[in-house]
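J.: Please see the structure below; I have some questions.
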Amino acid sequence: MAIIGKDISDRILMTGDYYLNNHPGGISAVVDYWSRNFETLNYYPIYKNGGKLVKGWWFLTSYARLALKMLTDRRVEIIHQHTAADGSFWRNAQLVRLCKFFGKKVILHIHASRFKDFHDEAAPADRKRIIDTLKSTDRLIVLSESWKEWFMGIGIEEEKLTVLHNITPEPTIIPEVRHNDGKVRFLFLGEIGPRKGVFDILRGLAAHRSEAEGRLVLHVGGNRMEKELLDTISSSGLEDMVVFEGWVSGRKKLELLNTADVYILPSFNEGLPISILEAMSYGCPIISTPVGGIPEVVDSNGILVTPGDSEQIWNAMKRYIDDPAIIESEGNASRRNVETYLPQHVMNHLKEIYLKMLEVRR
C-alpha cells in the first residue's frame, strides 16, 4: 500500500531527472524509489541525458506542461523540485520563478555533492542569484545535518531547512552467491574517475601488491573512464585481485552486494551516497572519507580516510584483511545505522513534510 495516498499526491507536482529505466544513481534513483510509495506520482522530468537538442526539448516541454497543469488544476498546492548543481540548479531556478508566479509553494530538494563548490566558485552576481533563488523557496530539503549547517552558514534561515535522509531499499538476500575461499571481498560502485577515488584504491593496492595478493578481491562497478581503469589494472599487475564488472544494475548489483564483505568509496566530495547506505543495509563495514554527510552514518561501522591518500586507503583495507572477525561486528553496526534510511521511515518523514506545508497553506 502506498505511503503517500492520492489525498496528498494529487496536490503535489514533482520535477527532476528522467528516471524510468534510466537511472545510474543520484536524483533518478531517488525518484525511482519514491515512485513505488506514491499512489499517484505527478512527475515532470525536466532533464534527460543526451545532446543539446534532447536536453532542451525535455526542459521546454516539461516547463510548458507544468505551467499548464498549475493553470488548470486547482488541487495543486506544492511543487517539489529535485536539483543538483551547475546547469541543473539554473534550470530549477527558472522553475522556481514560474511556480511562485502561479502562487504555489516550492520545495527545492538539493542532492548535489558539489553544491558548496558550485556556490563558492560562482561569480558574485551568480552567487547572489543562487542565494536569492534559495531564499525564495518555501522549504529546502538537504541530505544531512552537515549540509544543513552549511546552508545556514550562507544565510539560509534554519526554519526553511529540513534534513530528509536518502532512501535505500530493503536488502534482497541471496545467500547462495556468498564465497568461502578465505579472501576478503571489497566492493566499489560508482563513477569511474578521480572524484570517487577508485584510482587511489588501485594505487594503494599496487604499492602493496605482494602483501595483498591472494588475500582479497576488489570488485569495481561503474562507467565512464573504463579504458583508463583497465589500463591501470593491467599496468599495475592487479588482474588477479581486481575485477571490473562494468556498469551493474538489477540482479548483478544485488549479487555483488550480497557477496561483498566491505564497501569502499573514498570520494573527494559527496552529499550522502545511496551506494553507501545500500551497502550498509547488507551488513557491510564502510571505508570512505569525511565529506558531505558520510561521517553521520560511518562511525563504529567503518573507517574514514583522507581523500586521495592511497596509503591510508590500503591500511584501512589491510585492517579487515588481517582481522576478518571485525567485519561481522562492524557490519551489524552498519545495519543499525541505516535503519532511519529505509523506505518506511523516509517516506513517513516526507509525508509529514507535505502535511505540514499543506496545513500552513490553509
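Read the figures in this text as sums done on the coordinates, not as results from a lab. None of the values given here were measured: they were computed from a predicted structure. Backbone-built Cβ (ideal geometry, glycine too); neighbour counts: all protein chains shown.
J.: Would you tally the net charge around residue 143, using a Cβ to Cβ cut-off of less than 11 Å, leaving residue 143 out, and scoring K and R as +1, D and E as -1?
T.: Numbers: positive: 148; negative: 145, 270, 296.
Around residue 143, the surrounding residues sum to -2.
J.: What translational D, rounded to a whole number of µm²/s, comes out for the stretch 300-357 from Stokes-Einstein when the hydrodynamic radius is the Kirkwood one over Cα pairs, at 37 °C and 0.692 mPa s? Write out the running numbers ahead of the final one.
T.: Values: Rh = 14.1 Å.
Using the Kirkwood radius from Cα pairs, D works out to 233 µm²/s.
J.: Using DSSP to define loop residues, name the trypsin sites (Lys or Arg not before Pro) in the stretch 28-118 whose beta-carbon has at most 13 other beta-carbon atoms within 10 Å.
T.: Values: sites: 36, 48, 52, 55, 65, 69, 74, 75, 91, 97, 100, 104, 105, 114, 116; in loops: 36, 48, 74, 75, 104, 114.
For trypsin sites (Lys or Arg not before Pro) across the stretch 28-118 that sit outside H, G, I, E and B with at most 13 neighbouring Cβ atoms in 10 Å, the list reads 36, 74, 75.
J.: Okay, next question. Using θ = phi - 60° and the Karplus relation 6.51 cos²θ - 1.76 cosθ + 1.60, list the HN-Hα couplings for the stretch 179-196 in order, rounded to whole Hz, with x at every Gly or Pro.
T.: Result, ordered by residue: 9, 10, 9, x, 8, 8, 9, 9, 10, 10, 10, x, 4, 7, x, x, 4, 8 Hz.
J.: Mind checking which of 205, 265, 254 has the largest fluctuation in a GNM of the chain, springs on alpha carbons under 10 Å?
T.: 254
J.: What residues from the stretch 243-275 fall in the zone where the backbone N is under 19 Å from a label point 7 Å along the Cα-to-C-beta line of residue 215?
T.: Answer for the stretch 243-275: 243, 261-264.
J.: I need the Debye-formula profile for the stretch 1-112: one equal scatterer per C-alpha, no solvent, reported as log10 I(q)/I(0) at q = 0.21 1/Å, two decimals.
T.: -1.22
J.: Based on the Cβ-Cβ distance of residue 239 and residue 300, what FRET efficiency does E = 1/(1 + (r/R0)^6) give at R0 = 41 Å, to the nearest 0.05? Working shown, then result.
T.: Numbers: r = 35 Å, r/R0 = 0.85.
Calculated value: 0.75.
J.: For the chain, just the Cα set please: Rg and Dmax, both in angstrom.
T.: 21.4, 68
J.: Okay, next question. Quick one: which residues, 5 or more positions from residue 287 or on another chain, have an amide H under 5 Å from its amide H? H modelled 1.01 Å from N in the peptide plane, none for Pro or chain starts.
T.: Close amide H contacts, sequence-distant or interchain: 263, 264, 265, 303.
J.: What is the stretch 175-339 by shape, rounded, prolate or oblate, if you read a ≥ b ≥ c off the alpha carbon gyration tensor as root eigenvalues and call it rounded for a/c under 1.5, prolate for a/b larger than b/c, and oblate otherwise? Let's see the in-between values first.
T.: Numbers: a/c = 1.28, a/b = 1.18, b/c = 1.08.
It is rounded, given that a/c, with a ≥ b ≥ c, falls under 1.5.
J.: Calculate, for residue 72 and residue 231, the FRET efficiency according to 1/(1 + (r/R0)^6) with r their C-beta to C-beta distance and R0 45 Å; round to the nearest 0.05.
T.: Details: r = 56 Å, r/R0 = 1.24.
Computed FRET efficiency for residue 72 and residue 231: 0.20.
J.: A further question follows. What is the antiparallel percent of DSSP beta bridges lying wholly in the chain, to the nearest 5?
T.: 0 percent
J.: Given the rule -39500 (n - 2.57) for each run of at least 4 DSSP H residues, summed and divided by the residues of the chain, what is its mean residue ellipticity at 222 nm, to the nearest 500 deg cm²/dmol? Before the final figure, lay out each step's value.
T.: Numbers: 15 runs with 167 residues, N = 362.
It comes out at -14000 deg cm²/dmol, rounded to the nearest 500.
J.: Residues with amide H under 5 Å of residue 221's amide H, sequence separation 5 or more or different chain, H placed in the peptide plane at 1.01 Å from N; which?
T.: The answer is 188, 189, 190, 245.
J.: Something else: Setting aside same-chain residues fewer than 8 positions from residue 253, which lysines have a Cα under 27 Å from its Cα?
T.: 48, 183, 196, 227, 318
J.: Can I ask one more? Under 1.5 on a/c is rounded, so check that first for the stretch 1-60, then, if it is not, pick prolate when a/b is larger than b/c and oblate when it is not; a ≥ b ≥ c are the square roots of the alpha carbon gyration tensor eigenvalues. Before the final figure, lay out each step's value.
T.: Numbers: a/c = 3.81, a/b = 1.81, b/c = 2.11.
Oblate is the answer for the stretch 1-60, as a/c is 1.5 or above yet b/c matches or exceeds a/b.
J.: Right, another one. Give a residue-ordered list of calculated ³J(HN,Hα) values for the stretch 291-299 (Karplus: 6.51 cos²θ - 1.76 cosθ + 1.60, θ = phi - 60°; whole Hz; x for Gly, Pro).
T.: After applying 6.51 cos²θ - 1.76 cosθ + 1.60, I find 10, x, x, 4, x, 6, 10, 10, 9 Hz.
J.: Run the simple label-point estimate for residue 223 and residue 64 please: 7 Å along Cα→C-beta, distance reported in nm.
T.: 2.9 nm
J.: Net charge around residue 10, counting only other residues with Cβ within less than 9 Å of its Cβ (Lys, Arg = +1; Asp, Glu = -1)? Please report the intermediate quantities before stating the final value.
T.: Working: positive: 6, 11, 75; negative: 7, 39, 73.
In short, 0.
J.: If you don't mind, another one. Taking amide H positions as placed in the peptide plane 1.01 Å from N, state which residues far from residue 242 in sequence (5 or more) or on other chains have amide H under 5 Å from it.
T.: 218
J.: Let me ask you something else. Please report the net charge: other residues with Cβ closer than 15 Å to the Cβ of residue 82, K and R +1, D and E -1. Write out the running numbers ahead of the final one.
T.: Numbers: positive: 48, 91, 139; negative: 17, 32, 86.
It works out to a net charge of 0.
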